[in-house]
Amino acid sequence: MRYDEVMDQKEMKALAGRTAVERLVKNGMKLGLGTGSTAIPAVSHVGLLIQQGKLSGIKAVATSFQTTMECEKWGIPLYTLNAKEIDGKLDLTIDGADEVDPRKFCIKGGGGALLLEKIIAYASASYAIVVDDSKLVEHLALKFPLPIEVIPAARVTAAKTLSSMGAEVTVREALRKAGPVITDNGNILLDVLFKEPVDPSILEAELNCIPGVVENGFFTRLPPSVFIGHSDGSVEIR
Ligand code: 5RP
C-alpha cells in the first residue's frame, strides 16, 4: 500500500489481527481465540497458516459460537478449556476489544461473548488485544456502554442497582429476533453507560457483587499487548 492511500476500518482490523498472529503464535501453542470483526481475521489467519503447513500442533479454545464456526471452517483443532489436552491453561489468547484506555484496560462484550472471553483470557499466560485506532479512549464506558451479563431473573433488580450508581442502563435488544439478546450462556446483557469517569480496576470486582450479575466487560487484570491498526497501513504495538 502507498502511504497516501488510506485503509478502511475493516482492513485496519484485519491487519492488526494478522500481525498479532504472525508475531506471537508459535507451533504447538494452546491458543485462546477471540470473537468479533477484528479477532475473526486473526482466527482465519491461524487457519490459513495451518493449511499452508506453516503452523502445526495448535490446540485452540474458542470464545464463542462465532469463533467455533470459524475454527470449524478452517479445520483448526478445537478443545474446551476443561479438556485434558488444555487442562485449564493457555499459552496465549488473541481477542478484540471495544475500548482501550491509556492503562491498557479494556471494555469487551460488544459481540456479547464477554463471559467466555474473560474466562479464557484469564486462563492465558499472555494476552493480545487487536483493535483499530478508533477504539482508543481516555476513559472507558463514557462513549461505548459497558456490557454486563446478567441472569434473566435479575434483569430489573440489577438494572436498578446500576442506575442508582448513576449509570444509564439498557437491556440489549436482538436484531432479527424479538426481545433481548440471549448470550451463548442463556443470559441477557445490560449495556451500561457511565456519566463520569470510573475506575475500571475497582468496578471490575465490585459489579460482580450485584446479585444476578454473572460477569462484566471490564478487563483490567491481565495486561495485554495491544496491536493497533492505523489508517496509514501501520500496526503499532503497545
Ligand atoms: C465480543 C468482543 C469483541 O472482541 C469486541 O466487541 C470488538 O469487536 P470488533 O472487533 O467487531 O469491533 O468483545 O464480545
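The values are calculated or read from the model by the stated rules, or taken from the named source; none is laboratory data. In this text, all values refer to a predicted model and were calculated from it rather than measured experimentally. Neighbour counts are summed over all protein chains in view; Cβ atoms, including those assigned to glycine, are modelled from backbone coordinates with ideal geometry. Just so you know, the surface numbers come from the protein's heavy atoms only, side chains and all, with ligands and any DNA or RNA stripped out. Shrake-Rupley method; radii C 1.70, N 1.55, O 1.52, S 1.80 Å.
Scanning for something aliphatic (A, V, I, L, M), open to solvent by 30 Å² or more (accessible area, probe 1.4 Å) and more than 10 Å from the ligand (Cβ to nearest atom), does segment 104-125 turn up at least one residue? Within segment 104-125, one or more residues are aliphatic (A, V, I, L, M), open to solvent by 30 Å² or more (accessible area, probe 1.4 Å) and more than 10 Å from the ligand (Cβ to nearest atom). Going by the structure shown, is Lys54 within 22 Å of Lys84 (Cβ to Cβ) and of a type in the set (Lys, Arg)? No; evaluated as a whole, the condition is false for this residue.
The single condition from (1) within 15 Å of the ligand (Cβ to nearest atom); (2) outside any helix (DSSP H, G or I) that His139 fails is (1).
Here's the yes/no breakdown for (1) assigned to a strand (DSSP E or B); (2) open to solvent by 60 Å² or more (accessible area, probe 1.4 Å); (3) farther than 22 Å from Pro147 by Cβ:
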position	(1), (2), (3)
Glu22	no, yes, yes
His45	no, no, yes
Lys54	no, yes, yes
Thr68	no, no, no
Lys73	no, yes, yes
Ile86	no, no, yes
Ala97	no, no, no
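Here is a check on your reading of the model: is Leu49 free of Cβ contacts under 8 Å to residues at least 60 places away in the same chain, away from the ligand (no atom under 16 Å from the Cβ), assigned to a loop (DSSP other than H, G, I, E, B) and crowded, with 17+ Cβ neighbours inside 10 Å?
Numbers: free of Cβ contacts under 8 Å to residues at least 60 places away in the same chain: yes; away from the ligand (no atom under 16 Å from the Cβ): yes; assigned to a loop (DSSP other than H, G, I, E, B): no; crowded, with 17+ Cβ neighbours inside 10 Å: yes.
Criteria not met by Leu49.
Of the residues making up segment 204-228, those that are under 16 Å from the mean Cα position of the chain (by Cα), surrounded by 17 or more Cβ atoms within 10 Å (Cβ to Cβ) and not hydrophobic (A, V, I, L, M, F, W, C) are Glu204, Glu215, Asn216, Gly217, Thr220, Pro224, Ser225. For segment 99-108, check the following and say yes or no: at least one residue is assigned to a loop (DSSP other than H, G, I, E, B), in contact (Cβ under 8 Å) with a residue 60 or more places away in the chain, closer than 23 Å to Glu204 by Cα and of a type in the set (Phe, Trp, Tyr). Yes, because at least one residue in segment 99-108 is assigned to a loop (DSSP other than H, G, I, E, B), in contact (Cβ under 8 Å) with a residue 60 or more places away in the chain, closer than 23 Å to Glu204 by Cα and of a type in the set (Phe, Trp, Tyr).
Kindly indicate whether Ser124 is hydroxyl-bearing (Ser, Thr, Tyr) and in contact with a strand residue (DSSP E or B) (Cβ under 9 Å, 6 or more places away or on another chain). Here the answer is yes, as Ser124 does meet what is asked. Checked against the criterion of being within 16 Å of the ligand (Cβ to nearest atom), in contact with a Phe, Trp or Tyr (Cβ under 7 Å, 6 or more places away or on another chain) and of a type outside the set (Ser, Thr, Tyr), the candidates Val130, Val100 yield just one match: Val130.
Looking at segment 187-203, which of its residues are within 16 Å of the ligand (Cβ to nearest atom) and either surrounded by fewer than 19 Cβ atoms within 10 Å (Cβ to Cβ) or in a strand (DSSP E or B) (or both)? Spell out how you get there, then give the answer.
If we filter segment 187-203 for residues that are within 16 Å of the ligand (Cβ to nearest atom), which is where we start, we get 187-193, 200.
Of everything in segment 187-203, those that are within 16 Å of the ligand (Cβ to nearest atom) and either surrounded by fewer than 19 Cβ atoms within 10 Å (Cβ to Cβ) or in a strand (DSSP E or B) (or both) turn out to be Ile188, Leu189, Leu190, Asp191, Val192, Leu193.
Consider Thr93 carefully, then state whether it is of a type in the set (Val, Ile, Thr), crowded, with 21+ Cβ neighbours inside 10 Å and touching a Phe, Trp or Tyr at 6+ places or on another chain (Cβ under 6 Å). The answer is yes for Thr93.
Could you tell me whether segment 12-19 includes any residue that is in contact with a Phe, Trp or Tyr (Cβ under 8 Å, 6 or more places away or on another chain), open to solvent by less than 20 Å² (accessible area, probe 1.4 Å) and of a type outside the set (Val, Ile, Thr)? Quick ask: steps written out before the conclusion?
Going through segment 12-19, the residues in contact with a Phe, Trp or Tyr (Cβ under 8 Å, 6 or more places away or on another chain) turn out to be 16-17, 19.
Now restrict to residues that are open to solvent by less than 20 Å² (accessible area, probe 1.4 Å): 16-17.
Adding the requirement that they be of a type outside the set (Val, Ile, Thr) leaves 16-17.
Yes.
Exactly one of (1) surrounded by fewer than 20 Cβ atoms within 10 Å (Cβ to Cβ); (2) farther than 25 Å from Glu11 by Cβ is unmet by Val61. Its number? Condition not satisfied by Val61: (1).
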